[in-house]
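The values are calculated or read from the model by the stated rules, or taken from the named source; none is laboratory data. As the structure is a prediction and not an experimental result, all values here were calculated from the model. A quick note on method: Cβ atoms are made from the backbone with ideal geometry, for glycine too, and the neighbour counts reach across all protein chains shown. The area values use the complete protein model at the heavy-atom level, side chains included, leaving out ligands, DNA and RNA. Shrake-Rupley method; radii C 1.70, N 1.55, O 1.52, S 1.80 Å.
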Amino acid sequence: MDYTLKYLPLVILLVPMFSFLLLAFFGNKLPRKGDFIAVSLLFINLALSLIVFFAFAQTGKYSYTVDWFNLGKGNLNFTAGFVIDELSSIMLIVVNAISAFVHLFSVKYMEGDAKYKKYFSYLGLFTFSMLGLVLTNNVLLMYVFWELVGVSSYLLIGFWYEKPAPQEAAKKAFIVNRVGDVGFFLGIMIIFLTLGTFTFTDIFAGIEAGKLQGGLLTAAGILLFCGAIGKSAQFPLHVWLPDAMEGPTPVSALIHAATMVAAGVYLTARIFVMLSADALTFVTFIGAITAFISATIAITQNDIKKVLAYSTISQLGYMIMAIGVGAMSFGMFHLVTHAFFKACLFLTAGSVIFGMHHVQDIREMGGLRKKMPITYWTFLIATFALCGVPFTSGFLSKDSILAATMAFANINGGITYIIPIIGFSVAGMTAFYMFRLLIIAFLGEPRNKEKYDHCHESPIQMTLPLIILAALSTFVVFSFNPIGADSGWIMQMMKTPESLLTGTKGMIYHIVDRAEYTEMLHHAHYPAMFLSLAIAGLGILLAYVFYHWKKVDVEKLTEKIKPLYNFSLNKWYFDELYDATVISFTMAISRLSAWVDNKIVDGVVNGSATVTRWTSFGSGKFDNVVVDGLVNFTGGLVGFFGLIFRKFQTGKIQTYIMFLVFGIIVLYFMFR
Amino acid sequence: MVQFPILGIGILSWIVFLPVIGMLILIFIPKAYEKTIKYVAMIFPILQIILSVVLLMNYNKDLAGINKLESFQFVEKLSWINIPALIWDGTINIDYLMGIDGISLPMIILTSIIGFVGVLASFSIKRNEKGYYILYLFLVTGMMGTFCALDLFLFFVFWEIMLLPMYFLIGIWGGERREYAAIKFFLYTFFGGIFMLITIIGLYFSSKDPVTGLHTFNMLTLMNPAAIDPNSLLGGVGTNLRYLAFVALFIGFAIKVPIFPFHTWLPDAHVEAPTAISVILAGVLLKMGSYGIMRISYPIFPDAAVWFMYPMAILAMINIIYGALCAMAQKDFKKLIAYSSISHMGYVMLGIASGTAIGFNGAVFQMFNHGTITAVLFLSVGIIYDRAHTRGLYDFGGLANKMPKYFAVIIIAFFASIGLPGLSAFISESFVFLGGFKNETIRVLTIISTLGIILNAAYILWTIQRIFFGTLPEKWNEITDINGRELLSTVPLLLIIIILGIFPSPFINLMTSSVNQLVNIIWHLN
Amino acid sequence: MEIGLHHYLIVSAILFGLGLFALISRRNAILILMGIELILNAANINLVAFSHFGGLGVDGQLITIFVIILAVAEAAIALAIVLNLYNHFSTVNVDEANTMKD
């Protein structure tokens, strides 16, 4: 058993890498470009991760660390290692399962694409990075894989890079994520320099020993969480995720719904115990704000994938909020359930897009229920799960979160009541927009007859993953009790650990101990459940009233609240805001620096060269005119006299003799 | 004294002067035998690589070097100039002193690799090849010598000697504005050399070898505080004159690095130089500046080094951010890479300014990594330029589908350049930031510098988008993918980048003890 | 009439004057040479005259013979030069052979 936990995780990690390398280098030589290898490897991996999971369930936590490299003697040790605990073992299954289904789904979906091989190799790269991120026990290594998932996400979002929109989206995703990553990296630096270690267990031990505390601890927590803000598309860095929908739809299901975007939640869950009260407050509010903003945006979107994208952001906000209010296990639980039903939703969306020949606008759809029954039913089940309808997994996890927010508000009072209020209103909005989507797309009459006629149900390779994922979205998978997850295996296994800072008080947040919290949670459970049922029911009802029974004229209503509607439709103008501020500022300053460099810095250099040239010209002139002038003047004077005297120098000997004779005569008369 | 002789001549002399032998052979090959000239010229860098592998195999990584001749390896010490002086007391005594430690070894390996890659990249030169390769080999000698010399005089000789071939290589085989670029490069570096020379002479007259009682140019002796006459010009600790001397020396090195505001020769020189020379320039020449600071400025003036750390960190920060911003605004591919070099050398400077072991490790490692990565990038620019005869970023598009191998090569280099984990530059940049963060005085500057990470990503991704994404313009329908020779020059570098990104420890272990020794000197722990 | 020293000197002076005149006024190199010969011979007459009337023995005659021999040698060299001059410039007019002047 020991060997299982020691080597199997490494095997699991390296299998997708192998798939990536094999396809990248030899894909063209393999039959069918090697897609069957990638798919079967992933299913093998899924089986392996189940083995690891059961091994873990028997033997408990296992962690394995080796020296990666070190800097001289002493404390600068960089280690690499993995840990199998309840978080990572469950995440292994989630990642492998969804990756495997997405691989299978993609075989048909991507069929005939010019870059078929590339697509599967990128999927392998992504799965490798994501598994590494999940497995590692070390915050630096997590950052490493964190960036690698970012790159594979970049490559996959920009997969159809011939078109301009995917290029922009890929670039945007990478850069926005980088912003968060810088914060993450700074957090890592604080931790390393105060605690001298990267492994989570040592970090927590160091914090328990009081080596890192107070403001710096809060800063470290918030900075690490910045990574999550980027990767999990939290406010204010959420803008990249909707655009990332430009990637192929299975990729959106895998990366931008189920796994990668959940990495931020996973990170927050990992560092949950070291988050100080103020950091947790920050986390909570970011989560709540994100959930709210994106839910309001999702209501008005018309692109099927955009609606799902905003709902993903909103649900991620939920998870983050759950961790913030102290219910880490609920957040993780919601991550798991959400992964399955959101993957299902995206893949059904993919199925619709495939069946409709690349139509994404729901206003072009309608009545698809008859044409695509399997897709419709799986979509319905997943939608139920997302809305928190009883007997679904989503009901279990979402209600726990809502109960946790209520418990949280009851403990802290005051302004914190805004958190459950947001939580419940988001639940209502979620139900509303999901059913709006469902009704417009699947029910009613077809709006585009031509498209509708050509529409067809997807083949088995695509529907099979949908059915499995829909099945995984029911309550039985997680708990046999349809109204409470507490007795289910996942909640039994995954308990929220006691925070290292229990009992400390932040500005508006008080970290209470587990027992007290559980007590409050217990009280909040049933009220939360009934309230959420009522609100979700109301949301669904409203959706039917508006869009199915058409009791209310939506057009007129929209006209009435035009500014609000536009505000939501235009995504709260975040993109425009960033374009107008950060981006244009950066571009302007970049152009300015280039100008400064060219004209001023280089200008000084060239200027000094020019000055030197002038000086040398001047000194040359001086030399020519004054110094040389004196010399020439002397010469000139001599020359002048020479000019005179040369008259006598006739070169004729007779003249000289004449002079001689005259001279003698003159001398004769002088000295006579 | 000659350690590790081969045929009676020290291995370092071999590695430095092998190209000179090549030059002599090339002189006697008639101009018309172009192929022979190429292959003969290629032999010598290969021999250098072999010798540097020998160095690596026989290198003892526990010996620190830096300021003690005993702990240097492969030392060669011969009397070079020894004349009785009439004017000042004693004799002028200059040694031919070479040796390597953990700081120079990576640079020597880098130089030999880049030297070889440069020859491969030179195969596209079609004009007066004989002259080209003779100058090229001469250049390699100059670079190697700079990294091996342990005597200030010898160092300076190599430092300046290398300008000459560089001037001609840019000035004759360069692009349109080659004369301007060559003259600018030459005069700028020469200008810096004057500052260096002044300091070197100042050091000479301030020194008094404790053993012989004479003035000396020996770097290692000069690092010994006892060897500086306290009553001399540069005597004492923390005097204004010492600070001034440090700054003068720093300017000399800063021009080479190049550090803002002395950097403007670089974009011009890069843009005009032929591909191979750009590779050499970015891959090795820039490192000579930062190497000089670590090898000479810091150990000889530890007091001034500590005093100057803050300004140096400011300059490093400006380099990082300003370089990235300028790169973002470029329209010429090569110029963009040139500015990104400025930005990346800022990381090196930040590591040096941190004064911590981890920062120094990061700096040396970053020098090496920047050498390999930028070499690939410049090679890639050369590859596209050879085919398209333009470097305008707006002239391209959609090359990813047309040139898939080229795309694979360049995207790895690009991602390495933006510090993607798993590739070597990530480790070095992390070290640099960790080092900068560790030093409390420059912590804030380090945090601001991390903005560079984002900006780097921005312009690199923008470049990828411009050149490789989108649709292929009609005129490039005939363009061909990267060929075997070009793969041979880039793929080994990429392998180094990837391997060092995953297993950096063998490489880092090479320099650790030297770096620790350097830290000890600066902070007076030993 | 006793022929005395004065007569010799007058003849010699006339001869000298003629020689000098020829030397100065002639442009033809040959004529100039002839002028020189006249001057030399004027000097010879003086030498012989002084030797005879001054009681100096045969010293004056001896020197005169030397001078005659020298004059022959001189005439030979000078004529050779004039011949070359003629070959070179196709003239014996000394005014035209003035290339050394400029």
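Worth pointing out:
- Mean ellipticity per residue at 222 nm, deg cm²/dmol - from DSSP H runs of n ≥ 4 across chain B, formula -39500 (n - 2.57): -22000 deg cm²/dmol
- Per-residue shielding of A:87-96, expressed as the average number of other chain Cβ atoms within 10 Å of the residue Cβ, stands at 0.
- Expected-Rg normalisation [2.2 N^0.38 Å, Cα atoms] applied to segment B:89-141: 1.69
- If the Kirkwood radius is taken over C-alpha pairs of segment A:412-553, then at 25 °C and 0.890 mPa s the Stokes-Einstein diffusion coefficient equals 127 µm²/s.
- Shielding by other protein chains, A:594-607, mean Cβ within 10 Å: 5
- Pairwise centroid distance, computed over Cα atoms, of segment A:459-488 with segment B:166-232, Å: 74
- Residues of segment C:72-91 with amide N under 20 Å of a point placed 7 Å along Cα→Cβ from C:LEU31: C:75, C:78-87, C:89-91
- Peptides ranked, highest mean first, by Cβ atoms within 10 Å: ranges B:444-457, A:4-17, B:52-65, A:282-295: A:282-295, B:444-457, A:4-17, B:52-65
- Cα gyration tensor shape of chain A, rounded if a/c is under 1.5, else prolate or oblate by comparing a/b with b/c: prolate
- Orientation-averaged projection of the protein assembly as shown equals 76.1 nm² [convex hull of Cα atoms, one quarter of hull surface area].
- Each 10 Å bin, from zero up to the one with the longest distance, holds this percent of the alpha carbon pairs of segment B:374-526: 10, 31, 29, 18, 9, 3, 0.
- Principal semi-axes in Å for segment A:338-399 [√(5λ), Cα gyration tensor, largest first]: 24, 11, 9
- Gain in span if fully extended, B:PHE205 to B:ASN224, counting 0.36 nm per residue against the direct Cα distance: 5.4 nm
- At q = 0.21 Å⁻¹, base-10 log of I(q)/I(0) for segment A:174-281 (Debye sum, equal scatterers on each alpha carbon): -1.03
- Simple label model, 7 Å out from Cα along Cβ direction - C:SER90 to A:GLN461, nm: 10.9
- Once the C-beta distance of B:TYR310 and A:THR615 is scaled by a Förster radius of 41 Å, the resulting FRET efficiency is 0.70 to the nearest 0.05.
- For chain B, the longest principal axis of the C-alpha atoms and the axis of helix B:129-148 are separated by about 40°.
- Relative contact order %, segment C:5-89, counting alpha carbon pairs below 8 Å whose residues are six or more apart: 26
- Rounded to the nearest 20 debye, dipole of segment A:294-440 from Cβ charges on Lys, Arg, Asp, Glu: 320
- Separation of alpha-carbon centers, segment A:383-442 and segment A:183-244, rounded to whole Å: 28
- Those lysines that a straight Cα-Cα span of less than 29 Å connects to A:LYS560, excepting residues fewer than 8 apart in one chain: A:LYS305, A:LYS306, A:LYS550, A:LYS551, A:LYS571
- Mean Cβ count within 10 Å, highest first, over the residues of peptides A:315-327, B:227-239, B:336-348: A:315-327, B:336-348, B:227-239
- Unsatisfied cross-links (Cα-Cα over 21 Å) in the set A:LYS398/A:LYS562; A:LYS33/B:LYS402; B:LYS31/B:LYS126: A:LYS398/A:LYS562
- Cβ charges +1 (Lys, Arg) and -1 (Asp, Glu), total dipole of segment A:91-208, debye: 440
- Full-extension gain in nm, A:GLU450 to A:PHE391, via 0.36 nm per residue minus C-alpha separation: 17.5 nm
- Partners of B:LYS331 within straight-line reach, counting aspartates and glutamates whose Cα lies under 19 Å from its Cα and excluding those fewer than 8 residues away in the same chain: A:GLU168, A:ASP597, A:ASP602, B:GLU176, B:ASP268, B:GLU272, B:ASP386, B:ASP395.
- Spin-label pair A:TYR417-B:PHE123: with each label point 7 Å from Cα along the Cα-Cβ axis, the two points sit 7.8 nm from one another.
- Rounded FRET efficiency, nearest 0.05, which uses the C-beta distance separating B:LEU488 from A:VAL11 and R0 of 25 Å: 0.15
- Under 16 Å from a label point set 7 Å out along the Cα-to-Cβ vector of A:MET670, the amide N atoms of segment A:634-659 belong to A:659.
- Given charges at Cβ of Lys, Arg, Asp, Glu: chain A dipole, positive-most of A:SER121, A:TRP68, A:PHE185: A:SER121
- Screening chain A for whole DSSP H helices of 24 Å or more along their axis (Cα) with average Kyte-Doolittle hydropathy at least 1.0 returns A:2-26, A:35-59, A:86-109, A:139-157, A:214-231, A:277-298, A:328-355, A:418-442, A:628-646, A:653-670.
- In segment B:1-150, the alpha-carbon atoms span a convex hull of 136 Å³ per residue.
- For A:584-590, mean number of other protein chain Cβ atoms within 10 Å: 4
- Span from the segment A:76-108 Cα centroid across to the segment C:16-52 one, whole angstrom: 133
- Nearest 10 degrees, 0 to 90: helix B:104-121 Cα axis against chain B principal axis: 30
- Fluctuation leader among C:VAL58, C:VAL82, C:VAL92 - chain C, Gaussian network, Cα springs under 10 angstrom: C:VAL58
- Full extension of the chain between A:LYS211 and A:TRP377 gives 54.3 nm of extra length, using 0.36 nm per residue less the Cα-Cα distance.
- Dipole magnitude of chain C about its Cα centre (Cβ charges: Lys, Arg +1; Asp, Glu -1), debye to nearest 20: 120
- Anisotropy class assigned to segment A:575-619 is prolate, per the alpha carbon gyration tensor with a/c at or over the 1.5 cut-off and a/b larger than b/c.
- Here each label is just a point 7 Å from Cα along the line to Cβ, and for A:SER608 and A:MET658 those points are 7.0 nm apart.
- Its residue count N sets the reference 2.2 N^0.38 Å, and the alpha-carbon radius of gyration of chain B equals 0.94 times that reference.
- In degrees, nearest ten, helix B:451-468 long axis to first principal axis of chain B (Cα): 30
- Candidate residues B:TYR394, C:TYR8, A:TYR452: accessible-area rank, largest first, probe 1.4 Å: B:TYR394, C:TYR8, A:TYR452
- Both numbers refer to the Cα atoms of segment A:67-132; Rg and Dmax are 17.8, 57 Å.
- Within the same chain, lysines fewer than 8 places from B:LYS208 are excluded, and of the rest, those with a Cα less than 25 Å from its Cα are B:LYS68, B:LYS77.
- q = 0.12, 0.16, 0.17, 0.23 Å⁻¹, segment C:5-89: log10 I(q)/I(0) [Debye, one scatterer per Cα]: -0.42, -0.67, -0.73, -1.05
- Order by protection proxy (mean Cβ within 10 Å, highest first), peptides A:503-516, A:158-171, B:310-323: B:310-323, A:158-171, A:503-516
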